[in-house]
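Asker: Before we start, here is the structure in question, set down as structure tokens.
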Amino acid sequence: MRKILITGGAGFIGSHFVDALVDAYPAHRIIVLDKMTYAADINHISAHLEQHRVQLVMGDICDYDICRKLIQDCDLVVHAAAESHVDRSFHSSILFTHTNTLGTHTIMEACRDAQVPRIIHVSTDEVYGEVLSGEVNENGEMNPTNPYSASKAAAEMIVNGYRHSFNLPVVVVRANNVYGIRQFPEKLIPRSIMSLIDGKKIPLHGDGSNVRHYLAAPDFASALVLLAREGKINETYNIGSREEYSNRDVVRMLCEQFNVSFDSSVEFVADRPFNDRRYSISWEKICGLGWKPRHNLRNDIPVVVDWYRKNADSMREKLKELC
């Protein structure tokens, strides 16, 4: 039986991967391993569960026994599970190291033992650290600057060790900031949308001048499917977009969508202990395989806002649970 395992598949990015994998591999059995922490939601993949296209297993990626059992006989493992919110990493840094680094080690060891023929490890462009001008390609040095990006860089070091020592067939992906529906409202876009829906001011770090590139979740998912089929083993691929905006720019676009004034809808709050001013990556390498982003943030904002309007009650409940 052909079989794919995806870790973190009930979360925001992971569920978009599940959507893409279900379409791309109709003959495969797809298993989601997810701890079902605050950012995961069974509703993200419920349609696939009801159609028996996907099986959900609740479990921890740091649990070797469950990982080894599920990974047995897999054709592909996509490791997307991670703690990802930078703000939380400043006060829960050990949790981030435990999940992102030890969890990755556990998955790689289970894959080695099961002799999985292809693995995709989902990393982040934040491992490069600040890129104040120009852009960095896949050969750029890792220079993480916060506990989250440090835990992801450490995870990549584990992956590299397995590549070299055991010839583990891993493809690493490093992506821009990802946006879209289903994202937990702790990140800038959904947090701002929920603030506007509830008539509250949007908290904006520092002066809002920090710059990020924004990649649509479906575009990221399509890149992953392409790399699952054509990505070169033991290579790293940046996945990005040309959508470069400051935090102020993003919030202005959202305020325009709600027909409210930026100045009256924002409150500037204390910045992070350290906040990278800009990330920027070159993604020519994956373009060489025929991929390119098809979405842009400005056009997608109405769709994303509409989703949060329809799901505002459940988002509020999830936020209460987190508190």
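The values are calculated or read from the model by the stated rules, or taken from the named source; none is laboratory data. All of these numbers come straight from a predicted model, not from anything done at the bench. Counting neighbours? That spans all protein chains shown, and the Cβs are built from the backbone with ideal geometry, glycine included.
Asker: Counting only residues that are under 23 Å from the mean Cα position of the chain (by Cα) and of a type outside the set (V, I, T), which one in region 162-171 is nearest to G231 (Cα to Cα)?
Answerer: Let us first name the residues in region 162-171 that are under 23 Å from the mean Cα position of the chain (by Cα), namely 162-163, 168-171.
Filter once more, so that each one left must be of a type outside the set (V, I, T): 162-163, 168-169.
Numbers: Y162: 18, R163: 15, L168: 14, P169: 11 Å.
Residue satisfying both the conditions and the ranking: P169.
Asker: State whether the residues of region 165-183 include one that is at pLDDT 95 or above, part of a helix (DSSP H, G or I) and either among the basic types (K, R) or surrounded by fewer than 22 Cβ atoms within 10 Å (Cβ to Cβ) (or both).
Answerer: Scanning region 165-183 turns up at least one residue that is at pLDDT 95 or above, part of a helix (DSSP H, G or I) and either among the basic types (K, R) or surrounded by fewer than 22 Cβ atoms within 10 Å (Cβ to Cβ) (or both).
Asker: Additional query: Looking only at region 79-105, count how many residues are out of contact with any helix residue (DSSP H, G or I) (no Cβ under 6 Å at 6 or more places or on another chain) and not aromatic (F, W, Y).
Answerer: From region 79-105, those out of contact with any helix residue (DSSP H, G or I) (no Cβ under 6 Å at 6 or more places or on another chain) are 81, 84-85, 87-88, 90-92, 94-95, 98-99, 102-103; that's our starting set.
Now drop any that are not not aromatic (F, W, Y), which leaves 81, 84-85, 87-88, 91-92, 94-95, 98-99, 102-103.
The number of residues fulfilling the criteria is 13.
Asker: Anything in region 185-205 that is part of a loop (DSSP other than H, G, I, E, B) and either in contact with a Gly (Cβ under 6 Å, 6 or more places away or on another chain) or modelled with pLDDT under 95 (or both)? List them, or say none.
Answerer: Selection gives P185, E186, K187.
Asker: For region 5-104, which helices (runs of 4 or more DSSP H) that fit wholly inside it have 3 or more residues that are of a type outside the set (A, V, I, L, M) and surrounded by 24 or more Cβ atoms within 10 Å (Cβ to Cβ)? Steps first, answer last, please.
Answerer: Working: elements: 12-24, 46-50, 64-71, 86-91, 93-96.
Fully inside region 5-104 and qualifying: 12-24.
Asker: Do you know which residues across region 75-128 are of a type in the set (D, E, K, R) and in contact with a Gly (Cβ under 8 Å, 6 or more places away or on another chain)?
Answerer: At the first step, the residues of region 75-128 found to be of a type in the set (D, E, K, R) are 75, 83, 87-88, 109, 112-113, 118, 125-126.
Within region 75-128, just D125 meets the criteria.
Asker: Right, next: Which residue pairs have Cβ atoms closer than 6 Å, lie 6 or more positions apart in sequence or on different chains, and pair a first residue in region 178-194 that is closer than 13 Å to S84 by Cβ with a second residue that is surrounded by fewer than 20 Cβ atoms within 10 Å (Cβ to Cβ)?
Answerer: As it stands, the answer is E186/H85, since those pairs meet every condition given.
So that you can scan it fast, the table gives a plain yes or no per residue for (1) without any contact (Cβ under 8 Å) to a residue 60 or more places away in the chain; (2) touching a strand residue (DSSP E or B) at 6+ places or on another chain (Cβ under 7 Å); (3) under 23 Å from T124 (Cβ atoms); (4) β-branched (V, I, T):
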position: H48; (1), (2), (3), (4): yes, yes, no, no
position: R68; (1), (2), (3), (4): yes, no, no, no
position: D73; (1), (2), (3), (4): no, yes, no, no
position: L76; (1), (2), (3), (4): no, yes, yes, no
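Asker: Does R191 count as surrounded by 14 or more Cβ atoms within 10 Å (Cβ to Cβ) and in contact with a strand residue (DSSP E or B) (Cβ under 9 Å, 6 or more places away or on another chain)?
Answerer: Numbers: surrounded by 14 or more Cβ atoms within 10 Å (Cβ to Cβ): yes; in contact with a strand residue (DSSP E or B) (Cβ under 9 Å, 6 or more places away or on another chain): yes.
Taking the combined requirement at face value, the residue satisfies it.
Asker: Another one. Among the residues of region 107-138, how many are of a type outside the set (G, A, S), within 15 Å of I281 (Cβ to Cβ) and within 21 Å of the chain's Cα centre (by Cα)? Please lay out each step first, then the result.
Answerer: Step one: list which residues in region 107-138 are of a type outside the set (G, A, S), which gives 107-109, 111-113, 115-122, 124-128, 130-132, 135-138.
Remaining after also requiring within 15 Å of I281 (Cβ to Cβ): 122, 124-128, 130-132, 135-138.
Right, trim to within 21 Å of the chain's Cα centre (by Cα) and you get 122, 124-128, 130-131, 135-138.
Total satisfying the criteria: 12.
Asker: Right, here's the next one. Could you tell me whether any residue of region 152-166 is on the phi < 0 side of the Ramachandran plot, in contact with a Phe, Trp or Tyr (Cβ under 7 Å, 6 or more places away or on another chain) and aliphatic (A, V, I, L, M)?
Answerer: Here is the first cut: in region 152-166, the residues on the phi < 0 side of the Ramachandran plot are 152-166.
Of the ones still in play, those that are also in contact with a Phe, Trp or Tyr (Cβ under 7 Å, 6 or more places away or on another chain) are none.
No.
Asker: Restrict the check to region 143-163 and report whether at least one residue is aliphatic (A, V, I, L, M), farther than 18 Å from T7 by Cα and assigned to a loop (DSSP other than H, G, I, E, B).
Answerer: No, region 143-163 contains no residue that is aliphatic (A, V, I, L, M), farther than 18 Å from T7 by Cα and assigned to a loop (DSSP other than H, G, I, E, B).
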